[in-house]
Amino acid sequence: VADTLEKIANVGRASVTYYGGTLSVVFEDPEQVPVCMFGMGNILAGSFAVDYLVGDPVRRVRAQFVDRENWETEEVESLVPFSDPDVVREIEMTFVGITEKSQAQREVNILAARQYYQKRTYTFRVDWEGLLARRGDLAFLSHDSTQYGYSGRVNQFVVESGVVIGIKSSAIVDTDIS
């Protein structure tokens, strides 16, 4: 049953999850809004790690699907962005449930792009605020060791006539915008 659910979810760029006693699905949504923010103030000291995925490079992603017009097996492919032309390794797969060439091509393009763009995995521990996020949620991440964004605490708001005109913060921010 789990394999069948996973195959169905994959057609919609999703995956099956079990959360709070309920079988559910998480999916990618371009309109998704971040539900939490993690930074130096709430990541437990010493728990932040970055894992760089450095497997064998891939040049091309190919996939087969059954075309709903003629019930023939068709193939689509996509090159991995910025990949070395001398690399010969390919990923081959079969799409179950995808029956249109345009959808199959979109999925292969995304899989090829992930080979280049999604090369890092971040792990860290947090206190209770970590319970707000669950698998599949979008979150903001800022950390000093990776220098992704600025991290710190707001110490004071500068208010004039009831309007916030500035903040005083422990974050080191580059104010040069030239």
If we ask which residues in the range 18-76 are free of Cβ contacts under 8 Å to residues at least 40 places away in the same chain, in contact with a helix residue (DSSP H, G or I) (Cβ under 9 Å, 6 or more places away or on another chain) and either open to solvent by less than 40 Å² (accessible area, probe 1.4 Å) or on the phi > 0 side of the Ramachandran plot (or both), their number turns out to be 3
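Collect the residues in the range 102-124 that are part of a loop (DSSP other than H, G, I, E, B) and modelled with pLDDT of 90 or more, keeping them in residue-number order.
If the condition is that a residue be part of a loop (DSSP other than H, G, I, E, B) and modelled with pLDDT of 90 or more, then PHE124 is the only one that fits.
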Strands (runs of 3 or more DSSP E) enclosed by the range 8-101 - at least 1 residues per element that are charged (D, E, K, R) and under 17 Å from the mean Cα position of the chain (by Cα) | 49-52
Residue count for the range 77-111, restricted to those that are among the β-branched types (Val, Ile, Thr) and open to solvent by 70 Å² or more (accessible area, probe 1.4 Å) = 3
Of all the residues that make up the range 1-17, how many are open to solvent by 60 Å² or more (accessible area, probe 1.4 Å), on the phi < 0 side of the Ramachandran plot and touching a helix residue (DSSP H, G or I) at 6+ places or on another chain (Cβ under 9 Å)?
-> 1
Of ARG135, ARG153, the only residue that is under 21 Å from ALA9 (Cα atoms) and exposed (fewer than 13 other Cβ atoms within 10 Å of the Cβ) is ARG135
Residue that is nearest to PHE38 (Cα to Cα) [pool: residues in the range 144-167 that are modelled with pLDDT of 75 or more and of a type in the set (D, E, K, R)] | ASP144
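The values are calculated or read from the model by the stated rules, or taken from the named source; none is laboratory data. None of these values were measured; they are calculated from a predicted model. Ideal geometry is used to build each Cβ from the backbone, glycine not excepted, and the neighbour counts take in all protein chains shown. Calculation scope for accessible area: heavy atoms of the full protein, side chains included, ligands and nucleic acids excluded. Shrake-Rupley method; radii C 1.70, N 1.55, O 1.52, S 1.80 Å.
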